[in-house]
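This report refers to the structure that appears directly beneath it.
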């Protein structure tokens, strides 16, 4: 015997007593002789009304031994029953995975038959007359006028002729003119781009704070750069031991140019402060005179125990001016001093110690096996020199005082 869908297993069946309706009721008791018939469900009954087969659960329902029709029957109607005692075949519901797309008429499925979130229902609308979203055979998603940019998700409004870098192709924005991305927030909030890893979800960050209109760059989960009404680098004083700010010039180019907008008067270009925020010195310009001044703090309010009477000539005679060349430039001879020969006479003019080498200090990045105070080594395993320096301008007070003493002695001799 042929069948539709899975093959049914049909068991025994039982013919119930027919009922000739003698009143206009809808509910009747099913019996075989004097025994009530209680089927498993309406689907286990074949019911004929005046020779016409009735549809289970629509034309009639079953509860216990009672069958109830959808409307009252008429006097003279005849009901015939057959109870199926085994499994039944429900012709109204196909078996799972048995209906193919070939059985569905093209264009017959409407949005009313689609689950929420599927195209054509609430949340997704389209009036486009061309392809707006494409998923390629390489499982790449391309939006609008998509081009072969190589991106996993490409949003393109024109072919730029470029291809995304393999290390940055998860999202590609493209246009044959200018292209960009907008991060829009409410007033007094922050727009962010985060860079995370398995240990820290904001190890790197770019933020724009709309409350004070500042752009902030963070690395290592620490703010490094802030640009607003002023520009601050490492303003949080992070202790790393490395250079906080480094600028490297190109060949035959100025490394940096600093311009003051004023065209008259003296202006400060650089101000140097210590950890207590006390100014230690400045570099300034005379905008009208086209000159630069290098200034060490010298306000009387910063000083005490001022002494004008000291022997400068004796100390000056201990200085040992010399002529020499630097090893890096053997062809150029200059005048100057050896720093360690000045340190005992004018110690404030010399920075560093004689024959010193670089050592690891607190807060610096220290390699395994090394500790604070150990020598730093170069690639060849040699200790790295920490050279002394000299500020020769610190010798000026000694020179001036010596000239004054000489002047006094000359005057005394001339008046003798």
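Looking at 368, 299, which is the one that is surrounded by fewer than 14 Cβ atoms within 10 Å (Cβ to Cβ) and assigned by TED's automatic domain parsing to the domain that holds residue 387?
368
Is one or more of the residues making up the range 214-227 exposed (fewer than 10 other Cβ atoms within 10 Å of the Cβ), free of Cβ contacts under 8 Å to residues at least 60 places away in the same chain and over 30 Å from residue 289 (Cβ atoms)?
no
Of all residues in the range 243-266, count the ones that are surrounded by 10 or more Cβ atoms within 10 Å (Cβ to Cβ) and either in the same structural domain as residue 361 (by TED's automatic domain parsing) or at negative phi (or both).
4
Can you say whether residue 209 is over 13 Å from the mean Cα position of the chain (by Cα) and at positive phi, as far as the supplied structure shows?
No; evaluated as a whole, the condition is false for this residue.
Just need a number here: residues in the range 20-44 that are in contact (Cβ under 8 Å) with a residue 12 or more places away in the chain and in a loop (DSSP other than H, G, I, E, B).
Result for the range 20-44: 12.
For (1) closer than 29 Å to residue 280 by Cβ; (2) modelled with pLDDT of 95 or more, each residue gets a yes or a no:
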residue	(1), (2)
341	yes, yes
357	yes, yes
369	no, no
388	yes, yes
393	yes, no
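Just one of (1) in contact with a helix residue (DSSP H, G or I) (Cβ under 9 Å, 6 or more places away or on another chain); (2) surrounded by 12 or more Cβ atoms within 10 Å (Cβ to Cβ) trips up residue 358, so point out which.
Checking residue 358 against (1) in contact with a helix residue (DSSP H, G or I) (Cβ under 9 Å, 6 or more places away or on another chain); (2) surrounded by 12 or more Cβ atoms within 10 Å (Cβ to Cβ), the one that fails is (1).
Looking only at the range 319-362, how many residues end up being closer than 15 Å to residue 397 by Cα and over 57 Å from the mean Cα position of the chain (by Cα)?
Within the range 319-362, residues that are closer than 15 Å to residue 397 by Cα and over 57 Å from the mean Cα position of the chain (by Cα) number 1.
For the range 1-50, what are the residues that are modelled with pLDDT of 75 or more and within 30 Å of residue 97 (Cβ to Cβ)?
39, 40, 41, 42, 43, 44, 45, 46
Have a look at 194, 208 and point out the one that is outside the structural domain of residue 372 (by TED's automatic domain parsing), surrounded by 12 or more Cβ atoms within 10 Å (Cβ to Cβ), touching a residue at least 24 places away in the same chain (Cβ under 8 Å) and over 26 Å from residue 132 (Cβ atoms).
Criteria check complete, one pass: 208.
Has the range 290-298 got at least one residue that is under 30 Å from residue 361 (Cα atoms), in contact (Cβ under 8 Å) with a residue 12 or more places away in the chain and part of a loop (DSSP other than H, G, I, E, B)?
yes
Would the range 227-242 turn up any residue that is modelled with pLDDT of 90 or more, in contact with a strand residue (DSSP E or B) (Cβ under 6 Å, 6 or more places away or on another chain) and not in a loop (DSSP other than H, G, I, E, B)?
yes
The values are calculated or read from the model by the stated rules, or taken from the named source; none is laboratory data. The shown structure was predicted, so the numbers you read here are calculated from the model rather than taken from an experiment. Note that we place each Cβ from the backbone using ideal geometry, even for glycine, and neighbour counts take in every protein chain shown.
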